[in-house]
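Report on the structure given below.
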Amino acid sequence: MSVLTLAAAEEIVEAATARARSVGKAVSIAVVDAGGFPVAVRRQDGARPLTPDIARAKAYTAAVMQRPGTMLKKWQESQPVFFAQLSQLPGAALPIMATEGSVTIKRDGEILGGLGIAGGTADEDQTIADEVLASLGYELEFAAWGGARPAGRTAAAETGPAGPGKDA
């Protein structure tokens, strides 16, 4: 099992900082490990005060839900009560934010953590996150729930008892 090292997290943060600066945005960047625990967080000069918390929640969502926020949006729209309950679970450290700028960090098919970008528009946050992870060799493709699964995985393991289309 691979882990997201501090060095890898700092590399992501540095690349995201440079990319945001190149498009004239002051953002906050958060990188968490696969369990959703912070590894690196940076608030650029000029980024709004709440953006570090938003970036952390986006990164947390991408890691613990094991899918980018943009993939979670339709599920959230179809199951708003379920998503509201997720953030109330005793083990939920942060709110679940199914939105742009919330990207799962994956390499060689393994979930390593999550990246959250906050401070630009939704599209800007997403573009920065996608471009940075792609430039560093991370995977951006994810199978839809109920779609193709890795060998040895069952539909129940993929969706769990409260997967898409089911209430908690």
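For this structure, a couple of remarks:
- Viscosity 1.567 mPa s, temperature 4 °C, Stokes-Einstein D of the stretch 1-92 from Kirkwood C-alpha radius, µm²/s: 90
- Extending 7 Å from Cα along the Cβ direction at Ala26 and again at Val81 yields two label points whose distance is 4.3 nm.
- Rg followed by Dmax, in Å, when the stretch 63-144 is reduced to its Cα trace: 12.8, 37
- For Lys106, the aspartates and glutamates whose Cα falls under 19 Å of its own Cα, not counting residues fewer than eight places away in the same chain, are Glu10, Glu11, Glu14, Asp33, Asp125, Asp130, Glu131, Glu139, Glu141, Glu158.
- Computed log₁₀ I(q)/I(0) - Debye formula, equal Cα scatterers, no solvent, the stretch 21-68, q 0.19 Å⁻¹: -0.58
- Across the accessible surface of the stretch 36-142, with the other protein chains kept in place and a 1.4 Å probe, carbon and sulfur atoms take up 53 percent.
- Helix-only arithmetic for the chain: the sum of -39500 (n - 2.57) across DSSP H runs with n ≥ 4, divided by the residue total, places the mean residue ellipticity at 222 nm at -12000 deg cm²/dmol.
- Sorted into 10 angstrom bins from 0, the C-alpha pair distances of the chain split as 11, 41, 34, 12, 1 percent.
- Once the Cα-Cα distance is subtracted from the 0.36 nm per residue extended length, the Asp45 to Ala92 segment shows a gain of 14.0 nm.
- Rolling a 1.4 angstrom probe over the protein heavy atoms with all chains in place gives the chain an accessible area of 50 Å² per residue.
The values are calculated or read from the model by the stated rules, or taken from the named source; none is laboratory data. The structure displayed is predicted, hence computed values, not measured ones. Using ideal geometry, Cβ is built from the backbone for each residue, glycine included, and neighbour counts are taken over all protein chains shown. Just the protein is used for accessible areas: all its heavy atoms, side chains included, with ligands, DNA and RNA removed. Shrake-Rupley method; radii C 1.70, N 1.55, O 1.52, S 1.80 Å.
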